[in-house]
Amino acid sequence: MNAHPWRQRLYHLVLWVVALAFFMPVLWIFLAAFKSSGELVSPNPVFLFRPTMDNIIRVVQEPNFLDYLRMSFILSIGSVVIAIAVAFLAAYSFSRYRPTGTNFIMFLLLSTRMVPAPAVVLPIFLMYTALGWAKTFHGMILFYVMFSIPFSLWILKGFLDGVSLRYDETALVNGGSRLHTMFRVVLPQVKPGLVAAFIFNIIFVWNEFLFNYILGGQGTTMIPVLLATGVKQGGMTDWSFIAAISFIYMLPLILAIYVFQRYLLVGMTFGTVRGEV
Amino acid sequence: MADIRVEHLTKTFGALRAVDDVSFAFPSGKVTCLLGPSGCGKTTLMRIIAGLEAQTAGAVYFGDHDVSRLSPSKRNIGMVFQYPVVYRGISVYRNIELPLQSMKLSRSERIRRVDEAIYLMGLTASAAQDVSKLDNGTRQKVAVAREVARQPQFILFDEPITNVDAASKLQLKRSLKELTRSLSQTIIYVTHDQTEAMTLADQIALMEEGKIVQCAPPRELYNHPADRFGGWFLGNPGMVFFTAALSGTDGARALASPLFPAPIAVSGATGEASDVTIGIRPEHIRLSADPLPGSVPAQVDRKTVQIGGQYLVALTVDGLANHGFKAKVAPSVGERLPASGPVHVALPLDQVSLFDAAGNRIAATLRPAGAPNRAQ
């Protein structure tokens, strides 16, 4: 499609404006992290200011911050890695053996992600309390694993369906076992899918607040809970503190998304391009 | 080296009999091509031999061993598929080496085998390259080299050239030809491309509707098809057919057709006299602007040039029930023929095949009436 040069430039301009509009809140947080409290709550927006590291230092020195950050990393990475391992095995079975009702089973699995979180938090809380899993580390990990599996399964099945069955057959004929076929031959072919599933799910778990707040305990609290509950100072919301925490907390995720953005794109279009590969 | 035998092999998919009671032996050290149109069951037969498909009935033997229930990984075979199966993200060398790692070979033996396979398939220049960056033709070479390096008992090829671009196709075909000659291994090669089969095969097993209808060396299969299907399927275009009347009794049979100026004496044909089918390869039909011995008048409807400079000439002969047919003539002959108009056509009797009403070849010798019967 060849648009006129001026029209193409206009399209690009519109795209930039929209992208910047989306980026504005992030930019606001980033700038706010380096402003003084006075500059931050000033009725007239302050665009030119002398950056300060005070907020960042204050956050790092906050007694619970590093523990919560560590828990964010452990719960996010741990649960998503387990979820992807389980989802890969399930996706392989669904893709290769096609049990009766595959599509319906897959729909059922994804249905947990269709229900609004506040609607399921109570039954899950009751279930967890009955099982004695509330406020436990394994309970929290299991919950995030459970929540990450369906979406990972959908992504990975899409990718596995795109990998020709001939890969499996070649590996089998070459003397490989089913496990060898699965892990040494097929798994490397869906590497972009694994990365895409990892990133999508880590975004969810990393930023999850509600379930961590309700089901988690002192030892399993993540940064989003700290953001929502520990930011009062003298009866006022401490916006500098929020901005500084947010800045630090967003950095790893933004970095990961930037590095793996091409996989995200592949993940978002999974299933649209098929054929023997 | 062992041969591969299948006995009363049947495979059904619902009501469809993909492989229909096939009993056949693939001789050791030979390249056997399974040739036939799409859907005739050749790939299914190969997949059963590989163990990738379970037979409905019958058995598969490797030498004297019944391998019917053995998993593919235990059959010690190599298989190359239609789509080049390569492991992306790693080099050509690693692709070939990967299956050898689970074979408990010494490092030096592994290196020797990989190097040999790379050399055989002409992959030396691209050995260090990532396979993702290669074209389909080279990828397929990698897939072949991987199987060769494993040194399996048998190698099965399932239309390995089909998904390769035209330029690579020729090169790959040449590589495969050299490879099969140097390996002297039992090889089954499935294809629907007769040129490929003719080039590579020691023998061709022709398949139709789940059955092997004829097996013979390429030239014999081409010149003496066992039935009308073989005549029609092989050749470009395939054999042309005409109906003719076979009269008389054993020992004094005569064949009458508007294609012959006089009835032809037929010896060797037994059974009831009836309508038969005459078959002849288009390139065996002789054409001339001037009368030839044994020729009849014909009409050129059009002539077209084919690849290689040969002419394809559309003809009609008065009195032929099934009207037009095509002859293929050399450039020197074709150039002298009119674009349309009268010519003379002759069917060399030694190139004519006769088929009965069921389409099976009649073992008969044709000679001009009155000529001595040399067959006796």
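Only the coordinates and a few stated rules stand behind these numbers; no lab work does. Predicted model, so just to flag it, every value in this text is computed and none were measured. Here Cβ is always computed from backbone atoms with ideal geometry, including for glycine, and neighbour counts include all displayed protein chains.
Note: the protein assembly as shown, Cα convex hull, 265 Å³ per residue. Positive-end ranking of A:ILE254, A:SER148, A:LEU165 along the dipole of segment A:64-268, with charges on Cβ about the Cα centre, is headed by A:LEU165.
Normalising the average separation of contacting C-alpha pairs (under 8 angstrom, six or more residues apart) by the number of residues puts the relative contact order of chain A at 29 percent.
Rounded to the nearest 20 debye, the dipole magnitude of chain B is 1180 debye, with +1 charges on Lys and Arg beta carbons, -1 on Asp and Glu beta carbons, and the Cα centre as origin. For chain B, the 222 nm mean residue ellipticity estimated from helices alone, with every DSSP H stretch of n ≥ 4 adding -39500 (n - 2.57) and the total spread over all residues, rounds to -6500 deg cm²/dmol.
Seen against the Cα atoms of chain A and their longest principal axis, helix A:191-206 is set at about 40 degrees.
Placing pseudo-labels 7 Å out from each Cα toward the beta carbon at A:ASP67 and A:TYR97 gives an inter-label distance of 4.5 nm. For the protein assembly as shown, the residue among A:GLY139, B:SER71, B:SER28 whose Cα projects farthest onto the positive side of the dipole built from Cβ charges is A:GLY139. If only the Cβ of Lys and Arg carry +1 and only the Cβ of Asp and Glu carry -1, the dipole of the protein assembly as shown around its Cα centre is close to 1280 debye.
In terms of its alpha-carbon gyration tensor, chain A comes out oblate; a/c meets the 1.5 threshold, while b/c is at least as large as a/b.
Fully extending the segment from B:ALA59 to B:LEU16, taken as 0.36 nm per residue of separation minus the present Cα-Cα distance, adds 13.5 nm. Please list, or write none, the aspartates and glutamates whose alpha carbon is within less than 12 Å of the alpha carbon of B:LYS328, excluding same-chain residues fewer than 8 places away. Within the straight-line limit of under 12 Å, B:LYS328 reaches these aspartates and glutamates: B:GLU283. Pairs with C-alpha atoms separated by more than 25 Å, drawn from the list B:LYS30/B:LYS169; B:LYS11/B:LYS74; B:LYS30/B:LYS326; A:LYS191/B:LYS169, are B:LYS30/B:LYS326; A:LYS191/B:LYS169. Summarising the strand pairing of the protein assembly as shown, around 80 percent of its internal DSSP beta bridges are antiparallel. Going by alpha carbons, how many degrees (0 to 90, nearest 10) lie between the helix axis of A:117-131 and the longest principal axis of chain A? Between helix and principal axis, roughly 80 degrees. Add -39500 (n - 2.57) for each DSSP H run of 4 or more in chain A, then divide by its residues: what number comes out at 222 nm, to the nearest 500 deg cm²/dmol? -22500 deg cm²/dmol, from helical runs alone. A viscosity of 0.890 mPa s and a temperature of 25 °C, combined with the Kirkwood radius over Cα pairs in Stokes-Einstein, give a translational diffusion coefficient for segment B:1-132 of 144 µm²/s.
Compared with the alpha-carbon gap, the fully stretched path from A:ASP54 to A:LEU15 is longer by 10.5 nm at 0.36 nm per residue. Its Cα centre serving as origin, segment B:21-170 has a Cβ charge dipole (Lys and Arg +1, Asp and Glu -1) of approximately 420 debye. Taking the Cα of B:ASP301, stepping 7 Å toward and past its beta carbon, and measuring to each backbone N in segment B:213-250: which are under 17 Å? The answer is B:237-243, whose backbone nitrogens lie closer than 17 Å to the label point. Along the axis of the charge dipole computed for the protein assembly as shown (Cβ charges of +1 for Lys and Arg, -1 for Asp and Glu, origin at the Cα centre), the listed residues A:PHE47, B:SER182, B:PHE13 are led at the positive end by A:PHE47. Applying 1/(1 + (r/R0)^6) with R0 = 41 Å to the Cβ-Cβ distance of A:SER42 and A:MET127 gives a FRET efficiency near 0.30.
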